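Report on the following structure.
The values are calculated or read from the model by the stated rules, or taken from the named source; none is laboratory data. Keep in mind the model is a prediction, meaning the values are calculated, not measured. So basically every Cβ, Gly included, is an ideal-geometry build from the backbone, and we count neighbours across all protein chains shown. The protein model used for the area step is the full one, side chains on, heavy atoms only, and it has no ligands, DNA or RNA in it. Shrake-Rupley method; radii C 1.70, N 1.55, O 1.52, S 1.80 Å.
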Amino acid sequence: MMDTTCHIAGIAFRNPIVMASGTFGFGHEYNRFYPLDRIGGFSGKGLTLHPKSGNEGLRSWETAAGMLNSVGLENPGIPAFLSTEAERWENYDVVRILNLGGSSLEDYERGAALIEEDYKHRQQRGKKAVDMIELNISCPNVKAGGMAYGIQTETARTVVGLVRKATTLPLIVKLSPNAEDIVSMALMCEEEGAEAVSLVNTFSAMKIDIYKRRSVFENSYAGLSGPAIKPIALRMVHQVCQSVHIPVMGLGGISSAEDILEFIMAGAEVVQVGTHNFVDLRAGENLSRDLENLMRQLGISSLKEIRGIV
Ligand SMILES: Cc1cc2nc3c(=O)[nH]c(=O)nc-3n(C[C@H](O)[C@H](O)[C@H](O)COP(=O)(O)O)c2cc1C
């Protein structure tokens, strides 16, 4: 009998495969291709307090081994999500993670407070739509100085602390690979009471159109994801797993069962799969089957046997 279950903050994941924010819509889009109970969980598209229409111009570009994106957190806003999509989330038999973004401290705090209020209301009716919050400090800007929240540890501490106080839901903080020091960032999240960290988000990167003599993106730079980032993401996940005591969700370029086992051997409790969802619309179903086959082939009966072995 094979055991693929994983746990974060007392919440059980059927298997370690969690679909990454921004690559899995709000879940129902992929439910058409395979039943969501094949995966361990998913993180919905990043939500902000107010609706966002996203960036102007080109939003994605395929690279030799991955993609660049400049979506700019397009989303319907937290209130719209809670009054529509969340109803559907109540019926899903997977771990449901709400990815929270923001562009100011007030937005993050008020957003988290709204989610908490909704959580309490549903609880009174014996219902639940969200199991965890994944706090995305990896892309927006702070009002003061325009410094990205996820780059400097002490700036990030303020937002993690505020969100921690605003919600009783388990909190995962999603880290940027562009952080000055990813290990001290993860340690800070642990100190501030986060139940887990997820890493990595996209790497700041660029594509130039040599004919137009300009970047293809309005904002000059975009986020790189996919197989190209996997070895670097794996190294960062390994470093963080060596340092923190809270569980780690590892991601970056995962596209096979072999990739999943690498992240687990580096110490990750679960993994997330992002860009690969665009390559294979049935990635969740296929990866979960491939993972079980690979475990059988390698004589691994439980992920616990190999977690953090390297
Ligand atoms: C099109 C696109 C949109 C994304 N949107 C979000 C988002 O809203 N919130 C977030 O935390 N991460 C977002 N990400 C980052 C992914 O969740 C993931 O961290 C990153 O792509 C690295 O994983 P991968 O190489 O498996 O894609 C987005 C990535 C892509 C490609």
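Points worth noting:
- Residue with peak Gaussian network fluctuation, the chain [Cα springs, cutoff 10 Å], from V273, V240, V71: V71
- Of all beta bridges that DSSP places with both ends in the range 127-285, some 35 percent have antiparallel geometry.
- When only alpha carbons of the range 29-156 are considered, Rg and Dmax amount to 16.1, 50 Å.
- Of the beta bridges in the chain, as assigned by DSSP with both residues counted there, near 40 percent are antiparallel.
- Note that the range 196-203 has calculated 3J(HN,Hα) couplings of 7, 10, 10, 7, 10, 7, 6, 8 Hz, one per residue in order, obtained from phi through the Karplus relation 6.51 cos²θ - 1.76 cosθ + 1.60 (θ = phi - 60°); glycine and proline are x.
- Accessible surface of C241 - all protein chains present, 1.4 Å probe, nearest 10 Å²: 30 Å²
- Whole-percent pair-distance distribution, where bins are 20 Å wide, for the alpha carbons of the chain: 35, 60, 5
- Heavy-atom accessible area ranking, 1.4 Å probe, most first, across D37, D259, D280: D37, D280, D259
- Using the Cα coordinates of the range 243-310, the gyration tensor eigenvalues translate into equivalent-ellipsoid semi-axes of 20, 16, 8 Å, sorted from longest to shortest.
- Cα centroid of the range 114-137 to Cα centroid of the range 18-54, whole Å: 16 Å
- Across the range 95-100, coupling constants 3J(HN,Hα) worked out from phi with the 6.51/-1.76/1.60 Karplus curve, θ = phi - 60°, read 6, 9, 10, 9, 8, 9 Hz, and Gly and Pro carry x.
- Computed magnitude of the charge dipole of the range 153-309 (debye, nearest 20; Cβ of K, R +1, Cβ of D, E -1): 420 debye
- Between K45, K230, K127, the Gaussian network model of the chain with springs among Cα atoms under 10 angstrom shows the greatest mean-square fluctuation at K127.
- Pairs from the list K127/K304; K127/K165; K165/K304; K45/K212; K45/K207 with a Cα-Cα gap above 28 Å: K127/K304; K165/K304; K45/K212.
- If you run the Gaussian network model on the chain, springs between alpha carbon atoms under 10 Å, then out of S104, S255, S43 the most flexible one is S104.
- In terms of its C-alpha gyration tensor, the range 181-294 comes out oblate, because a/c is 1.5 or above while a/b does not outweigh b/c.
- For the range 13-58, average projected area of the Cα convex hull in nm²: 4.5 nm²
- Taking Lys and Arg as +1 and Asp and Glu as -1, the other residues whose beta-carbon sits under 11 Å from that of H276 total 0.
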